[in-house]
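Working notes, structure below.
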Number of protein chains: 2
Amino acid sequence: MTSSNKQTQTDKLAAEIGDAILSGVLAPGTRLDEHGLAEQYAVSRTPVREAIRSLAATGLVELRPRRSAVVAEITPAQLEVMFVAMGELEATCARLSAMSMTPIERRRLQNQHERMGALVESDDVAGFIEANLTFHALIYAGSHNGILADMAVGLRRRLDPYRRAQFRSPGRLPRSQAEHERIMQAIVSGDAAAAHAAMLNHVSLVEDTFIGLTATRAA
Amino acid sequence: MTSSNKQTQTDKLAAEIGDAILSGVLAPGTRLDEHGLAEQYAVSRTPVREAIRSLAATGLVELRPRRSAVVAEITPAQLEVMFVAMGELEATCARLSAMSMTPIERRRLQNQHERMGALVESDDVAGFIEANLTFHALIYAGSHNGILADMAVGLRRRLDPYRRAQFRSPGRLPRSQAEHERIMQAIVSGDAAAAHAAMLNHVSLVEDTFIGLTATRAA
DNA sequence: AAATCAAAAACTGCATGCAAAATCGCGAGG
DNA sequence: CCTCGCGATTTTGCATGCAGTTTTTGATTT
């Protein structure tokens, strides 16, 4: 079990329902019927209500007083806003990392980048996606600011479903790696402005790829 | 009534208890006894529990399973992190504002700044604090990014109790106004990098003032 | 007098029940 | 045929009750 059963039912439910939403099992707009969920998870309505309220605070569900809570709908406009916000947060973390990473952290980032080079060579998309998470997580952590890092992690988690597709674009891996190279170099050499710019550029390109995908799909 | 009684008890309680915490009525570390709060607000424990869970998601209270929730303690280290995070968020909003404010929004920011000049002249501290909120709110809104704006607002709200004191430092008003001048100019003229730098500088100085105050108090 | 441990009190987590609001369905009217 | 309104059903919001855990208290021992 990934989730320890030491915590309360409410916490387990919040995690479970949250995963269901993020993985698409519960589609946006779905009504969250308390009674139904209670029955489904074999608990009473009370913990379900509390879990829903927790999820509402994270933005995953929308609370409408006296009416069913629903899985939050994400309009293309909101998605755009979220991508921009995440880009800015990542860029900020990169900037802070350039300024305040310890030598060990810089070394780790460099190592991770080199490891990813091998994955690009072997065209291991799944491995690259996984390693990419770590790469970015190292930069969050390097900012030495848990609040900004948490915000970035939360947004990334939220956007993940929309990002998966884009690594399959042909030639995406080598391009990502090249962008990472610039980001990593800037951070390791302590060039805050360059780190910020490189990360912003990187994330913007990812976003553009995504927007392109949806535009194609929508058209 | 400031809070409309259209919403649910839970929402009202969350707002009420949240205000009590932010205003210092409920000091950090205080145990949030469900039974006691229920009695105090003349409701049952259920809405109290849900309100507490909401507040936990905002970071105002800390949830400890099977034990009382407590008002979150803020260590100086956390405070420092929060100040940095807020500074970065504000700077980012300023940058985005410089890039994407509409002409009308730029005009409004300019007007607000000029209005604050008069308050500095008359040394109206309370008025300046109020107007200062608006000034910064205009910049949040000008970023055209509700997510970043919400994050900034939330952090500002959270830090507000620690910020109040610092406007009373002698000569703070004119200095703030001068810094605002540079921020405003950069945004209005569309200089993103300058807006970012000016805002970061502004907020850092505020933070330094605060750190100075606490250091004095602690010593 | 301080420390230890056990019993009692208090409190949280969860289930259940009830009243009010919202939704749905059906029939009347245009 | 469509729209509107009214009653029935569903569903939320909140209160209350019970079981298990934590905390407190008081007695006992060193």
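List the residues of the stretch B:117-145 whose backbone N lies under 14 Å from a point placed 7 Å from the Cα of residue B:167 along the Cα-to-Cβ direction. Label zone hits: B:117-137. Per-residue ellipticity at 222 nm from helix content only, as computed over chain B with -39500 (n - 2.57) for each DSSP H run of at least four residues, stands at -24500 deg cm²/dmol. Inter-copy label distances at residue A:126, using a point 7 Å along Cα-to-Cβ, come to 6.6 nm with the shortest given first. The rule of thumb for compact globular proteins, 2.2 N^0.38 Å, goes into the C-alpha radius of gyration of the stretch B:115-160 1.30 times.
Segment residue B:31..residue B:107, full-extension length gain: 22.6 nm, with 0.36 nm per residue of separation and the alpha-carbon distance subtracted. Distances between placed amide hydrogens fall under 5 Å for residue B:69 paired with B:32, B:64, all partners being 5 or more residues away or on another chain. Positive-end ranking of A:68, A:47, A:32 along the dipole of the stretch A:9-71, with charges on Cβ about the Cα centre, is headed by A:68. Closest approach of a chain B beta carbon to the axis mapping chain B onto chain A (residue, whole Å): B:57, 2. Across identical copies of the chain, residue B:103 has label-point separations of 5.7 nm, listed in ascending order, with the point defined 7 angstrom from Cα along Cα→Cβ.
Chains B and A together bury roughly 2300 Å² of accessible surface, counting both sides and using a 1.4 Å probe on protein heavy atoms. Placing +1 on the Cβ of every Lys and Arg and -1 on the Cβ of every Asp and Glu, with no other charges, gives the stretch A:76-218 a dipole of roughly 160 debye about its Cα centre. Once the dipole of the stretch B:76-218 is set up with Lys and Arg at +1 and Asp and Glu at -1 on Cβ about the Cα centre, which of B:184, B:104, B:83 lies farthest towards its positive end? Final value for the positive-end residue is B:83. The fraction of accessible area contributed by carbon and sulfur in the stretch A:96-219 is 57 percent, rounded to a whole number (1.4 Å probe; ligands and nucleic acids excluded). Among the residues of the stretch A:80-129, which ones have their accessible area go down by 20 Å² or more when all the protein chains sit together, as opposed to their chain alone (1.4 Å probe)? Listed in order, they are A:81, A:84, A:85, A:88, A:89, A:92, A:95, A:96.
Based on alpha carbons, the Rg and Dmax found for chain B are 19.4, 56 Å. Take residue B:181, push a point 7 Å out from Cα through the beta-carbon direction, and compare it with the same point in every other copy: 4.7 nm, smallest first. With the cut-off at under 18 Å, measuring from each backbone N in the stretch A:156-187 to a point 7 Å along the Cα-to-Cβ line of residue A:78 picks out A:156-163.
The values are calculated or read from the model by the stated rules, or taken from the named source; none is laboratory data. Fair warning: this is a prediction, and the values are worked out from it, not measured in the lab. Methodologically, a virtual Cβ is constructed for each residue, glycine included, from the backbone with ideal geometry; neighbour enumeration extends over all protein chains shown. All accessible areas refer to the heavy atoms of the entire protein, side chains included, with ligands and DNA or RNA removed. Shrake-Rupley method; radii C 1.70, N 1.55, O 1.52, S 1.80 Å.
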